[in-house]
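The values are calculated or read from the model by the stated rules, or taken from the named source; none is laboratory data. None of the values given here were measured: they were computed from a predicted structure. Here the Cβ positions follow ideal geometry from the backbone for every residue, glycine too, while neighbour counts run over all protein chains shown.
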């Protein structure tokens, strides 16, 4: 009751006493360290986001530099809104209390819409077009005051994520330690791989553009969970979306959506993209991202005590194995990793 009273007081300060009198329901927050509560009954409800001390401005995953001066969610939301991208409206923010009142977008994610029989072709086509539009608009309108433009997928970050896979994927998940020779060889492979990925031109990247971070309100996709945005290659968000660990897609469908993205980006930007090199780099990023995801899910289970994502590890590994098969110059990585994870063989 004390928690409920505190929440009602926060809502009262944010949007008035009438709104604070509604029903309070805690919402599922996935792997986030933030808590979400729906106050009131739709369509007159709001969502309260509560952030723990010290977590408001610091990314949960590694990033360089000092913590940003402004809450990243607030900062990136403002930038995307200026670009014309549909994001949740922020009704109020109390930095001292660590709470934010948001527009209630409902409960229908793109993932849920698909599970309930939504048209896959239509849903993905619209989301891919939205991604291309967002990327092209951001490339036309970079903003140094947006925190995303102050951090990047550089060589060190890629390398950290690959070693995250070594630690939590190869070793902890398999229950076996790498030999000194294997550790040394993998470190060399990871550094070269990271350097190759980091050499690609960068632009605004959501970082987790996927089926659970696209809400559908009135049939319109709304982008959420953008606070960890940074600079990355054009293919990164496309990999996150089309190689989503929560929804496995047929490769032919994925390839069709990649082609759609290329066409949509060209329409939005006027820039022609060479499809074959674009797709080759898509595979490279798929290897890196899905190995990292598999490890992260194990980390969330062991460190945060949340086993909900363990079910998505096999899909992540299947995506990585499929991409590895199309990248022959990563054969050394595949050979060592498959000694510990047979799914990568």
Original post:
So which residues in the stretch 161-182 are part of a helix (DSSP H, G or I) and out of contact with any helix residue (DSSP H, G or I) (no Cβ under 9 Å at 6 or more places or on another chain), if there are any at all?
Top reply: 171, 180, 181
Subject >> Where a residue in the stretch 271-292 is farther than 25 Å from residue 312 by Cα and its partner, wherever it lies, is surrounded by 13 or more Cβ atoms within 10 Å (Cβ to Cβ) and modelled with pLDDT of 95 or more, with Cβ under 6 Å and at least six apart >> reply: 272/266; 273/262; 275/262
Original post:
What are the residues in the stretch 45-69 that are modelled with pLDDT of 85 or more and either in a helix (DSSP H, G or I) or loosely packed, with under 13 Cβ neighbours inside 10 Å (or both), if any?
Top reply: none
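Which helices (runs of 4 or more DSSP H) sit wholly inside the stretch 230-345 and have at least 1 residues that are in contact with a helix residue (DSSP H, G or I) (Cβ under 6 Å, 6 or more places away or on another chain) and farther than 24 Å from residue 203 by Cα?
Hits in the stretch 230-345: 275-304, 313-325, 331-337.
With respect to residue 160, determine if the residue is in the same structural domain as residue 309 (by TED's automatic domain parsing) and either touching a strand residue (DSSP E or B) at 6+ places or on another chain (Cβ under 8 Å) or modelled with pLDDT under 95 (or both).
Values: in the same structural domain as residue 309 (by TED's automatic domain parsing): yes; either touching a strand residue (DSSP E or B) at 6+ places or on another chain (Cβ under 8 Å) or modelled with pLDDT under 95 (or both): no.
Here the answer is no, as residue 160 does not meet what is asked.
Of all residues in the stretch 210-221 being part of a loop (DSSP other than H, G, I, E, B) and out of contact with any helix residue (DSSP H, G or I) (no Cβ under 7 Å at 6 or more places or on another chain), which is farthest from residue 293 (Cα to Cα)? Lay out the reasoning, then the answer.
First, the residues of the stretch 210-221 that are part of a loop (DSSP other than H, G, I, E, B): 210, 218-219.
Checking the rest, the ones that are also out of contact with any helix residue (DSSP H, G or I) (no Cβ under 7 Å at 6 or more places or on another chain) come to 218-219.
Numbers: 218: 31, 219: 29 Å.
Among residues in the stretch 210-221 that are part of a loop (DSSP other than H, G, I, E, B) and out of contact with any helix residue (DSSP H, G or I) (no Cβ under 7 Å at 6 or more places or on another chain), the one farthest from residue 293 (Cα to Cα) is 218.
Which one of these is assigned to a loop (DSSP other than H, G, I, E, B), at pLDDT 95 or above, in the same structural domain as residue 284 (by TED's automatic domain parsing) and out of contact with any helix residue (DSSP H, G or I) (no Cβ under 6 Å at 6 or more places or on another chain): 185, 207? Let's see the steps before the verdict.
Numbers: 185 fails: assigned to a loop (DSSP other than H, G, I, E, B).
Every option except 207 fails the conditions.
Mind telling me which of the residues 123, 74 ends up being at pLDDT 95 or above and not assigned by TED's automatic domain parsing to the domain that holds residue 7?
Values: 74 fails: not assigned by TED's automatic domain parsing to the domain that holds residue 7.
Exactly one residue qualifies, and that residue is 123.
Which residue, of 197, 242, 178, is more than 22 Å from the chain's Cα centre (by Cα), over 18 Å from residue 139 (Cα atoms) and surrounded by 18 or more Cβ atoms within 10 Å (Cβ to Cβ)?
178
Here is a yes/no grid of residues against (1) buried (at least 17 other Cβ atoms within 10 Å of the Cβ); (2) under 23 Å from residue 76 (Cα atoms); (3) touching a residue at least 24 places away in the same chain (Cβ under 8 Å):
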residue	(1), (2), (3)
201	no, yes, yes
204	yes, yes, yes
221	yes, yes, yes
225	yes, yes, yes
233	yes, yes, yes
252	no, no, no
266	no, no, no
Original post:
Conditions: (1) modelled with pLDDT of 70 or more; (2) in a helix (DSSP H, G or I). Residue 20 meets all but one. Number of the miss?
Top reply: (1)
